[in-house]
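**Student:** One structure is given below, represented as structure tokens, and several questions about it will come after.
Read-outs: derived from the displayed coordinates by stated rules, not from any lab. Given the structure is predicted, the values throughout are model-derived calculations rather than measurements. Please note: Cβ atoms are built from the backbone with ideal geometry, for glycine as well, and neighbour counts cover all protein chains shown.
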């Protein structure tokens with residue numbers, strides 16, 4: 001047993017250590033932070049019918065199964081946990097349906113310190129309705145413009161002035177498609193123009209890919225007499241997409257979408273597909289780019305046509321919409337195959353030549 005004089009140095013060191021731990025503002029040294037995961041490509045899907053694997057597929061399932069996204073990483077603030085392949089080079093995220101869900105899920109991922117997405121490419125790949133004036137069901141369209149369809153003023157259709165073509169009015173305007181005053185500020189997030197060189201590169205890489213066709217699709221598109229583009233077999237193309245959290249349908253709203261996109265892009269964009277989430281995703285990625293957490297120049301949006309956005313000649317909007325709402329998408333599975341097939345060619349090309357594409361996005365001239 002130590003005598004008191006011999007105990008004093010021991011007690012002194014013991015008490016000093018205890019005080020250092022308990023002192024306000026002091027904490028035990030933290031373990032070294034783990035290296036963040038740096039995926040080369042983030043694949044963004046919006047909806048899934050059930051589970052991520054093994055049942056009826058939605059937009060996510062083919063990517064999970066075929067790219068072997070077997071590693072599950074919890075993302076509590078997101079719509080669903082994210083997944084990666086074995087080496088972490090491809091990350092998949094399911095955002096949920098609608099602009100609000102997509103924006104919050106992408107922001108949750110982008111702000112998570114476990115991930116470094118500053119050099120990641122983003123591929124949004126999902127199904128859409130298509131304008132029969134521009135394409136056919138089963139087609140795959142790379143977006144050059146993404147236009148917000150929800151920001152605006154609206155008058156009920158029963159009260160639209162007789163000389164107005166629609167009850168939808170752009171923000172800060174007094175009537176549909178009124179020319180903006182020269183000093184009028186633009187509405188942030190109304191229009192996103194994607195990196196033209198990257199979009200053209202993706203298009204050139206995939207434009208000659210064959211896409212699935214079948215007798216059911218052929219019979220459906222044959223009803224669109226007077227729409228030559230709708231009667232062609234599906235193909236890879238380019239065009240603007242409009243994002244609206246309302247599932248709209250019909251000839252008159254198709255005309256609105258064409259006019260809306262033309263107005264907000266200054267005539268540079270041509271409406272081709274309609275979807276629900278892409279402006280939400282791009283809002284988040286634009287903000288994350290300002291924060292140094294992402295690079296919006298590396299974003300691609302691929303929408304594949306599961307259905308026409310309006311009725312066939314002689315049909316009604318209600319007949320056409322109700323068929324689609326019951327799950328009878330004219331080209332549901334072929335459009336999912338097109339989203340994976342066309343999108344994965346781009347993903348695999350980026351991965352195969354990462355030494356080239358890490359520093360700067362690929363570009364091609366239109």
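**Student:** How high is the relative contact order of the chain? Use alpha-carbon pairs under 8 Å, at least six apart in sequence, and give a whole percent.
**Tutor:** 24 percent
**Student:** Which of these, 310, 107, 209, has the largest mean-square fluctuation under a Gaussian network model of the chain (Cα springs below 10 Å)?
**Tutor:** Among 310, 107, 209, the largest GNM mean-square fluctuation belongs to 209.
**Student:** Do the sum for the chain: with -39,500 (n - 2.57) for every DSSP H run of n ≥ 4, divided by all residues, what is the mean residue ellipticity at 222 nm, to the nearest 500 deg cm²/dmol?
**Tutor:** -10000 deg cm²/dmol
**Student:** Which values, in whole Å and largest first, are the semi-axes of the equivalent ellipsoid of segment 97-224 obtained as the square root of 5 times each eigenvalue of the Cα gyration tensor?
**Tutor:** 31, 27, 16
**Student:** Now for a separate question. Working from Cα positions, state the angle (0 to 90°, nearest 10) between the long axis of helix 251-264 and the longest principal axis of the chain.
**Tutor:** Compared with the principal axis, the helix lies near 60 degrees.
**Student:** Cα axis of helix 332-352 to longest principal axis of the chain: angle in degrees, 0 to 90, nearest 10?
**Tutor:** It works out to around 50 degrees.
**Student:** Any chance you could give the angle, 0 to 90 degrees and rounded to 10, that helix 99-110 forms with the longest Cα principal axis of the chain?
**Tutor:** Compared with the principal axis, the helix lies near 30 degrees.
**Student:** Cut-off 10 angstrom, C-alpha nodes, Gaussian network model of the chain. Which of 236, 342, 169 fluctuates the most?
**Tutor:** 169
**Student:** With contacts defined as alpha carbon pairs under 8 Å and 6 or more residues apart, what's the relative contact order of segment 33-94 in percent?
**Tutor:** 36 percent
**Student:** What order do you get for 67-80, 114-127, 153-166 when each peptide is scored by the mean count of other beta carbon atoms within 10 Å, highest first?
**Tutor:** 114-127, 67-80, 153-166
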